[in-house]
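Encoded as structure tokens, the structure appears first; notes follow it.
The values are calculated or read from the model by the stated rules, or taken from the named source; none is laboratory data. Here the structure is a predicted model, which means the values were calculated and not measured. Here the Cβ positions follow ideal geometry from the backbone for every residue, glycine too, while neighbour counts run over all protein chains shown. Each accessible area value is taken on the protein alone, full model and side chains, heavy atoms only, with ligands, DNA and RNA left out. Shrake-Rupley method; radii C 1.70, N 1.55, O 1.52, S 1.80 Å.
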Amino acid sequence: MTTPAGYRRLILTRHAKSSWDDPTQDDFDRPLNARGRFAASELGDFLASRGLEPEEVLCSPAARTQETWARVKGAVLESLPEEHIIPELYQANAAQLLASLKQATMPTVMMLAHNPGIADFAASLPARVPLSGDFRRYVTCATLIVDFQIDSWSDLKPGTGSVLDFFTPSRRG
């Protein structure tokens with residue numbers, strides 16, 4: 001599904017469930033657990049089934065966001081998007097996420113980051129937020145697909161988006 005002219009589409013994803021098996025492991029380096037790997041693949045299938053392919057990816061450098069993207073990419077992509085690993089997305093607040101998104105250049109962007117910033121950012125974007133309780137918590141691997149009637153990401157104003165879809169993973173895996 002291509003983004004119509006005069007629109008920008010954001011696929012906003014919180015990383016999938018990470019592993020806490022090693023309590024000495026640094027937060028930045030935590031990989032996905034089995035449930036997270038399943039959920040990230042499930043997200044890829046969801047996006048592919050709807051023809052939602054990012055043209056540009058903005059991703060936190062943390063291991064769990066990188067692994068989430070790798071599993072989504074394996075399911076969804078027919079062509080490779082521009083990929084940007086952005087250090088500022090690790091533990092970013094909503095304002096930092098917005099600033100990073102405003103630097104994007106392609107019409108359809110996927111951003112992968114962390115709570116609590118991503119939940120706050122997601123809630124600030126649409127004119128009407130989804131009613132799902134999972135949206136308010138922005139559970140692991142939650143993904144908001146939101147469209148904006150703008151020509152450039154630099155024109156983005158919070159509260160102006162239209163929700164196209166909202167994904168949360170099944171509890172399997």
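Couple of notes before you dig in:
- Residues within segment 138-173 that are open to solvent by 40 Å² or more (accessible area, probe 1.4 Å), touching a residue at least 60 places away in the same chain (Cβ under 8 Å) and of a type in the set (Asp, Glu), tallied: 2
- Flag if Pro130 is without any contact (Cβ under 8 Å) to a residue 40 or more places away in the chain, in a loop (DSSP other than H, G, I, E, B) and open to solvent by less than 30 Å² (accessible area, probe 1.4 Å): yes
- Selection of first residues in segment 21-40 that are under 14 Å from Ala75 (Cβ atoms) and of second residues that are at pLDDT below 90 and surrounded by 14 or more Cβ atoms within 10 Å (Cβ to Cβ), restricted to Cβ pairs under 7 Å at least 6 apart or on distinct chains, gives the following pairs, ordered by first then second residue: Phe38/Gly173; Ala39/Gly173.
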